[in-house]
Every structure is written in structure tokens, then in C-alpha cells.
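The values are calculated or read from the model by the stated rules, or taken from the named source; none is laboratory data. This is a predicted model, so every value here is computed, not measured. Virtual Cβ from ideal backbone geometry, glycine too; neighbours counted across all protein chains shown.
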Amino acid sequence: MSSFDPRHRSRILLDGPERAPARAMLKAIGFTEEDLSRPIVGIANTWVETMPCNYHLRELAQAVKEGIRAAGGTPMEFNTIAISDGVTMGTEGMKASLISREVIADSIELVGRGHFLMRWCAWWLVTRPSREGRWGFCGATFRDSCCTVARLPRDVGGIAL
């Protein structure tokens, strides 16, 4: 019976003397040796100031990071784009929305594959209640995140919240 190594992907990028430059780059932005010794979990954040749906995601990312650390992983947050159907509706900008869906999925996948992330996390964008007490959501970036999870290699886990 083989045992599962939760760092099997991180080792490719970070372990050994030949990977010292990669570790130095990450230490230059605040990661410690201890951080790099744990499984790396990517957090795809679609935070932007172009729509209310995604505006609160910086706060949510911090909570997700705390949970990853508590579970013994090291979070690495990265961003991707988001186009608002609501803001661009009725303009030429609306054409960018459909194209953006594939770009979002591709960008999340590329960061994960390029940095050998062990797990990926993205989220469904549920906005805060409006003054009328209604909740709203922006489903486009959630669907795109789900597309990315479906593309993951078998040895990588992913979740769309």
C-alpha cells in the first residue's frame, strides 16, 4: 500500500539545491522555509473594483487563507479577471463577457499547472444583502471556476465555493 505525499507537486517546484532560486523568489515576498515545507494551495481570487459581486472577495480570501493554514497548508493567492454582465449590458463591452469565461478558466488552470499547486480554491460569488434584504450572486466566475476544477489533473484536488 502506498502512502500519499501531500507535497508531491510542490516538491517539483521547491525541493533540492537546483530549486534554490525558486525558493529565494518566494522568500523575497514573505514566504518562510516552514511555509514552503507544507502543501501549496492556490486561491484564485476574482476580486475587482468593477462590480459589487466581486468587491468583497479580498476579505473572503483572507478567511480562506486562515483555514488553509489551520489545516496545515500554505495558501498562495493569485488573481484573475472578471467582467460584469450587469455593468456592460447593452454596450459593446458585453461581448467581452462571454470571451472572459474561457480566459478566466484558462488563467486559473495556467497558474495552477505552472506553479504545481497541490489544491486549488475558487468561490461562487455571493454578494452581501442589498438594502432591501435580497441576496444576489454573479454566476459567471463560478461557472468558470468549475470549468477549471473539471480540468484538474487527477492528482490535484479543487473546490469551488
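Here are a few things to note about the model shown:
- When the stretch 49-102 is limited to residues that are under 25 Å from LEU13 (Cα atoms) and hydrophobic (A, V, I, L, M, F, W, C), the one that is surrounded by the fewest Cβ atoms within 10 Å (Cβ to Cβ) turns out to be ALA70.
- Extreme residue, nearest to the chain's Cα centre (by Cα), among residues of the stretch 32-55 that are closer than 21 Å to ALA105 by Cα and aliphatic (A, V, I, L, M): ALA44
- Any hit, the stretch 37-46, residues being assigned to a helix (DSSP H, G or I) and buried (at least 19 other Cβ atoms within 10 Å of the Cβ): no
- Residue within the stretch 50-61 that is part of a loop (DSSP other than H, G, I, E, B) and free of Cβ contacts under 8 Å to residues at least 60 places away in the same chain present: yes
Yes or no, residue by residue, for (1) in a strand (DSSP E or B); (2) modelled with pLDDT under 85; (3) among the aliphatic types (A, V, I, L, M):
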residue: ALA96; (1), (2), (3): no, no, yes
residue: PHE116; (1), (2), (3): no, no, no
residue: ALA140; (1), (2), (3): no, yes, yes
residue: SER145; (1), (2), (3): no, yes, no
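Okay, residues lined up against (1) in contact with a Leu (Cβ under 9 Å, 6 or more places away or on another chain); (2) assigned to a loop (DSSP other than H, G, I, E, B); (3) of a type in the set (Ser, Thr, Tyr):
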| position | (1), (2), (3) |
| --- | --- |
| GLU92 | no, yes, no |
| GLU102 | no, no, no |
| SER107 | no, no, yes |
| LEU110 | no, no, no |
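- Filtered by the rule that a residue be in contact with a Lys or Arg (Cβ under 9 Å, 6 or more places away or on another chain) and among the hydrophobic types (A, V, I, L, M, F, W, C), the stretch 1-36 gives ILE12, LEU13, LEU14, PHE31, LEU36.
- The stretch 76-120, residues that are closer than 24 Å to GLY30 by Cβ and small (Gly, Ala, Ser): SER107, GLY112, GLY114
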